[in-house]
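The values are calculated or read from the model by the stated rules, or taken from the named source; none is laboratory data. Nothing here was measured: the structure is a model prediction, and the numbers come from that model. FYI the Cβ positions are ideal-geometry reconstructions off the backbone, even for glycines, and counts take in every protein chain you see.
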Amino acid sequence: MEEEGDVATAFTLARMLSNIPISSGGPTSLVIYDIHALQERFYFGDNVLPLFETGIPLLKQRLHQLSDSDKIVVAFPDDGAWKRFHKQFDHFPMVVCNKVREGDKRIVRIKEGNPAGYHVVIVDDLVQSGGTLIECQKVLAAHGAAKVSAYVTHGVFPKRSWERFTHKDGLEKAFAYFWITDSCPLTVKDIANRAPFEVLSLAGSISEALQT
């Protein structure tokens with residue numbers, strides 16, 4: 001960051017975290033969930049021991065609890081999300097979406113897979129404005145999805161953009177569920193008891209990661 005108002009980059013944050021003092025047992029363990037870009041794994045210094053984890057097992061556990069768990073399809077909003085997460089969903093049918101240019105606009109289309117008749121769960125690492133998720137939902141519903149839900153590990157939601165997803169009176173409930181973890185505590189506080197949001201706690205997973 002060179003001037004006031006600059007946004008800290010991942011490299012800057014990694015350098016800051018790398019200055020955590022070494023603990024009595026050696027480098028301090030730093031648990032990181034679904035880092036946004038995989039190359040960022042190499043930004044950390046020797047003072048910390050980064051442990052790269054994922055929130056996907058929490059989602060899979062929740063999906064198996066649903067009454068329609070046998071009718072789940074996992075969807076990815078783009079090729080990047082598919083490359084990153086598809087191996088963790090080997091036993092689920094999948095749909096891959098992508099953005100294509102149509103005139104002056106970029107629109108979401110289904111690249112492969114069939115959502116018709118299924119409860120489709122869109123999976124990504126984070127959400128900000130949520131525009132891509134909303135466009136994916138519209139396309140999946142138009143192709144016959146029985147229900148659409150979403151999961152992101154990090155619910156960033158700047159400027160209260162989570163409000164676009166809440167079940168308001170008289171408005172169509174586009175998302176049956178929207179799962180996030182508690183990695184962004186301010187968001188968790190904001191969306192408490194607001195459908196369709198459900199929070200999946202990372203506490204147990206963090207504890208396990210630090211004990212291994």
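For segment 185-212, a tally of residues being under 18 Å from Arg62 (Cβ atoms), part of a loop (DSSP other than H, G, I, E, B) and not charged (D, E, K, R) returns 6. Within the set Lys71, Lys105, Lys87, the sole residue that is under 16 Å from Ser149 (Cβ atoms), surrounded by fewer than 19 Cβ atoms within 10 Å (Cβ to Cβ) and among the basic types (Lys, Arg) turns out to be Lys71. Consider segment 176-189 and keep the residues that are more than 26 Å from Ala141 (Cβ to Cβ) and more than 13 Å from the chain's Cα centre (by Cα). The one that is surrounded by the most Cβ atoms within 10 Å (Cβ to Cβ) is Val188.
If you go through segment 134-153 and keep only what is within 13 Å of the chain's Cα centre (by Cα) and either of a type in the set (A, V, I, L, M, F, W, C) or assigned to a loop (DSSP other than H, G, I, E, B) (or both), you end up with Ala150, Val152. Screening Asp68, Asp79, Asp104 for residues that are assigned by TED's automatic domain parsing to the domain that holds Ala174, out of contact with any Gly (no Cβ under 7 Å at 6 or more places or on another chain) and in contact (Cβ under 8 Å) with a residue 40 or more places away in the chain leaves exactly one candidate, Asp68. Only one of the listed residues (Lys159, Lys99, Lys173) is farther than 25 Å from Ile35 by Cβ and without any contact (Cβ under 8 Å) to a residue 60 or more places away in the chain. That residue is Lys173. Being of a type in the set (Ser, Thr, Tyr), outside any strand (DSSP E or B) and under 14 Å from Thr181 (Cβ atoms) is the filter here; which residues of segment 29-61 pass it? Hit for segment 29-61 is Thr54, nothing else. Of the residues making up segment 154-163, none is within 15 Å of the chain's Cα centre (by Cα), at pLDDT 95 or above and of a type in the set (D, E, K, R).
Condition check for Thr153 on (1) buried (at least 23 other Cβ atoms within 10 Å of the Cβ); (2) under 19 Å from Ser69 (Cβ atoms); (3) in contact (Cβ under 8 Å) with a residue 40 or more places away in the chain: one failure, at (2).
Among the residues of segment 111-124, those identified as surrounded by fewer than 20 Cβ atoms within 10 Å (Cβ to Cβ) and part of a strand (DSSP E or B) are Lys111, Glu112. Scanning segment 200-210 for residues that are loosely packed, with under 15 Cβ neighbours inside 10 Å and touching an Asp or Glu at 6+ places or on another chain (Cβ under 7 Å) gives a single hit, Ser201.
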